[in-house]
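Beneath this line is the structure, given in structure tokens, with notes to follow.
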């Protein structure tokens, strides 16, 4: 009788372990990352950019969500975060990407994270850790990370460049700014330094620039008046 009871209890324990294993397997999320889940690099030059793409191991529709779980980037590191859904002026606490439907997935569309650095002063190492998951399966997510380093004496901030106030920022239609000197030239560049828009403004005062025709992303708006440069990062988000 005792032996029978022990066998029954043992069977129940084995069954519970088996069921738990099935549940864990069903909640596991098989995501693929390019180049990897963890990316390291240095902040160099005027613009530094690092990417992590995320995709499902089998083709399917998916909506990625994410949340920041650690951010030790230096306070004067001027960085922005983009994902498949838009760009943010800094690193927010959480985000949700645009849904990738089956047609997009079959065409090779993936989720992604992109970190952009415009200027930085304080040397050291900073880490950004993000938990990313399928919106239908929070517990099966993964932690990805960007580990960035700015070496001592390697400041990439140009002290001759003055800040430029742009409103609104982020924008989806048009932005406003003010010219402080006559005969000011304006250029709008993308992250690769390509000039997308140019304008000459002979007078001072309020100015407006249409950005509705630009894709969502990070851009740089620069004003040059007799060698005095004012520049700011512009986020376009549709």
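Coordinate-derived values only; no laboratory data. Please read these numbers as outputs of a predicted model, since none were measured by experiment. Note that we place each Cβ from the backbone using ideal geometry, even for glycine, and neighbour counts take in every protein chain shown.
Quick look at the numbers
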read-out	value
Part-to-part distance (alpha-carbon centres) for the range 171-238 and the range 48-112, which is given in Å	26 Å
For peptides 199-211, 219-231, sequence by mean Cβ density within 10 Å, most packed first	219-231, 199-211
Potential lengthening between residue 207 and residue 182 on full extension [0.36 nm per residue; Cα-Cα distance subtracted]	7.8 nm
Estimated FRET transfer efficiency when R0 is 22 angstrom, pair residue 49-residue 69 (beta carbons, to 0.05)	0.50
Additional length obtainable on full extension of the chain from residue 36 to residue 173, 0.36 nm per residue less Cα span	45.8 nm
DSSP-defined antiparallel bridges as percent of all bridges, the range 31-150, nearest 5	90 percent
Estimated FRET transfer efficiency when R0 is 41 angstrom, pair residue 58-residue 123 (beta carbons, to 0.05)	0.40
Zone of residue 226's modelled label, taken as backbone nitrogen in the range 161-178 under 20 Å from a point 7 Å along Cα→Cβ	161-164, 178
